[in-house]
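The next block holds one structure in the form of structure tokens; read it before the comments.
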Amino acid sequence: MTPSRRKVLTFAALAVPTATLFPATRTARAASGDLPDYLEIPSSSMGPALNADGYHVGQIKGNLYWVTDSFYQSMFLTTRTGVVLVDAPPTIGHNLQRAIDEVTERNGRPNKVTHLVYSHFHADHIGASAILGKDVVRVAHRETARLLREARDPNRPLPTITFDSHYTLRVGGETLLLNHHGPNHTPDNIFIYAPNQETLMLVDVLFPGWVPFKGLAVSHEIPNWVRMQEVALRYPWQTLVGGHLGRLGTRADVGLQRSYVDDLRTGAEAAMARVDPTPYFVKYGPIGNSWAIFKEYLDELTRQIADPVIAKYAGTLAAVDVFTFDNAFAMLESLRIDTGQVGAIHP
């Protein structure tokens, strides 16, 4: 799939600030083309081709649609009185309205976004909220409002309506059920369920066809993040919108990710039981370099966790060789500090 000109320009725009954040040696390495190769992406992990404007919009069921730029996803309901949008990723930006216009021109419904649901407070998912104007009713979890008040980001206006556990949003004959099952990826991340369309949107927890993003999606509470994958299966959905990458998800995708995560956990438990930390204390302890002890010891554990998982899922899960080392470390640390598997107490 050849990127559109708009998409290429987006990459170029993102590259400018990125170059200022990393040392010159890093940027020089990229400029010289000295970057690593990774495994080929399985065709089953890829989504539909993008149009000339750099997005794809598709019907999920009935009046429910989704939009992707192959990096992020949003979904929207067209109703008798306006559009209910869920998330506004800045990488999609004004293409959200283009996608909405494209759909509503065909189905004869109003194209104005009247309601915007925030899945959670992270800017990469709602950072284009401001372009929708001040009159939009924004709905979010109570913790989202608190976190956005602290952020003071003009691109992420505060929600108009907040809730604690459950909220039913009814607009123009359509319904979304919003539920908070506890902190997971973030303290405020919610489940967005469209019952009439049998569709669940759960962002940064499930990654259909791909391994989770770095560090188990840089999640706030990893034990709860893992548990949310099981909670997702309790909903009677047929289609999943995961918020990232280029395709929709199935229940089989959830089973595959749960197997991947389970393998990380069992691998971590086995590695901790198998690897003796003594050589690392002997090497670095006499010179007082405590961080070197832990770096080398934990890196060895992480390698032993990650290597068999990469081998097992190569060709099945996209980017398994990209983020599995980081995911293995996140699982290892969660077991150590969240569940208490840090070893014996000093006598």
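The values are calculated or read from the model by the stated rules, or taken from the named source; none is laboratory data. Note that the coordinates shown come from a computational prediction; the quantities given were computed from them, not determined experimentally. With ideal geometry, Cβ positions are generated from the backbone for all residues, glycine too; neighbour counts draw on all protein chains shown. The accessibility values were calculated without ligands, DNA or RNA, using every heavy atom of the protein model including side chains. Shrake-Rupley method; radii C 1.70, N 1.55, O 1.52, S 1.80 Å.
Computed values, structure above
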read-out	value
Residues located in region 189-243, provided they are open to solvent by less than 10 Å² (accessible area, probe 1.4 Å), hydrophobic (A, V, I, L, M, F, W, C) and in a strand (DSSP E or B)	191, 192, 194, 200, 201, 240, 241
Residue 98 touching a residue at least 12 places away in the same chain (Cβ under 8 Å), over 24 Å from the mean Cα position of the chain (by Cα) and open to solvent by 40 Å² or more (accessible area, probe 1.4 Å)	no
Region 131-156, residues that are among the charged types (D, E, K, R) and in contact with a Pro (Cβ under 6 Å, 6 or more places away or on another chain)	138, 143
Residue check, residue 156 of a type in the set (Lys, Arg) and open to solvent by 40 Å² or more (accessible area, probe 1.4 Å)	no
Some residue of region 116-127 being closer than 18 Å to residue 247 by Cα, part of a helix (DSSP H, G or I) and over 15 Å from the mean Cα position of the chain (by Cα)	no
Those residues of region 289-344 which are under 21 Å from residue 45 (Cα atoms) and among the basic types (Lys, Arg), in sequence order	312
Any hit, region 118-130, residues being open to solvent by 30 Å² or more (accessible area, probe 1.4 Å), over 25 Å from residue 158 (Cβ atoms) and either in contact with a Pro (Cβ under 9 Å, 6 or more places away or on another chain) or modelled with pLDDT of 95 or more (or both)	no
Index of the failed condition, residue 324 passing every other in (1) open to solvent by 40 Å² or more (accessible area, probe 1.4 Å); (2) hydroxyl-bearing (Ser, Thr, Tyr); (3) closer than 20 Å to residue 259 by Cα	(1)
Within region 292-344, tally of residues that are in a loop (DSSP other than H, G, I, E, B) and either farther than 18 Å from residue 275 by Cα or touching a His at 6+ places or on another chain (Cβ under 8 Å) (or both)	6
Residue 77 without any contact (Cβ under 8 Å) to a residue 60 or more places away in the chain and either assigned to a helix (DSSP H, G or I) or surrounded by 21 or more Cβ atoms within 10 Å (Cβ to Cβ) (or both)	no
Residue in region 58-73 that is nearest to residue 205 (Cα to Cα), counting only those that are free of Cβ contacts under 8 Å to residues at least 60 places away in the same chain and crowded, with 21+ Cβ neighbours inside 10 Å	67
Close pairs (8 angstrom Cβ cut-off, 6 or more residues apart or separate chains): free of Cβ contacts under 8 Å to residues at least 40 places away in the same chain and of a type in the set (S, T, N, Q) in region 162-174, part of a strand (DSSP E or B) and surrounded by 12 or more Cβ atoms within 10 Å (Cβ to Cβ) anywhere	162/139; 162/140; 162/141; 165/179; 168/175; 168/176; 168/177; 168/178
Failed condition for residue 135, given (1) part of a loop (DSSP other than H, G, I, E, B); (2) acidic (Asp, Glu); (3) surrounded by 15 or more Cβ atoms within 10 Å (Cβ to Cβ)	(3)
Matching entry among 199, 266 (being on the phi < 0 side of the Ramachandran plot, among the β-branched types (Val, Ile, Thr) and free of Cβ contacts under 8 Å to residues at least 24 places away in the same chain)	266
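Every residue, every condition in (1) surrounded by fewer than 19 Cβ atoms within 10 Å (Cβ to Cβ); (2) within 30 Å of residue 239 (Cβ to Cβ); (3) not aromatic (Phe, Trp, Tyr), yes or no:
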{"site": "259", "(1), (2), (3)": "yes, yes, yes"}
{"site": "269", "(1), (2), (3)": "yes, no, yes"}
{"site": "280", "(1), (2), (3)": "no, no, no"}
{"site": "290", "(1), (2), (3)": "yes, no, yes"}
{"site": "302", "(1), (2), (3)": "no, no, yes"}
{"site": "311", "(1), (2), (3)": "yes, no, yes"}
{"site": "316", "(1), (2), (3)": "yes, yes, yes"}
{"site": "320", "(1), (2), (3)": "no, yes, yes"}
{"site": "329", "(1), (2), (3)": "no, no, no"}
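For every residue, the table says whether it meets (1) at pLDDT 95 or above; (2) among the polar types (S, T, N, Q); (3) out of contact with any strand residue (DSSP E or B) (no Cβ under 7 Å at 6 or more places or on another chain).
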| site | (1), (2), (3) |
| --- | --- |
| 17 | no, no, yes |
| 38 | yes, no, yes |
| 44 | yes, yes, yes |
| 52 | yes, no, yes |
| 59 | yes, yes, no |
| 72 | yes, no, no |
| 93 | yes, no, yes |
| 97 | yes, yes, yes |
| 109 | yes, no, no |
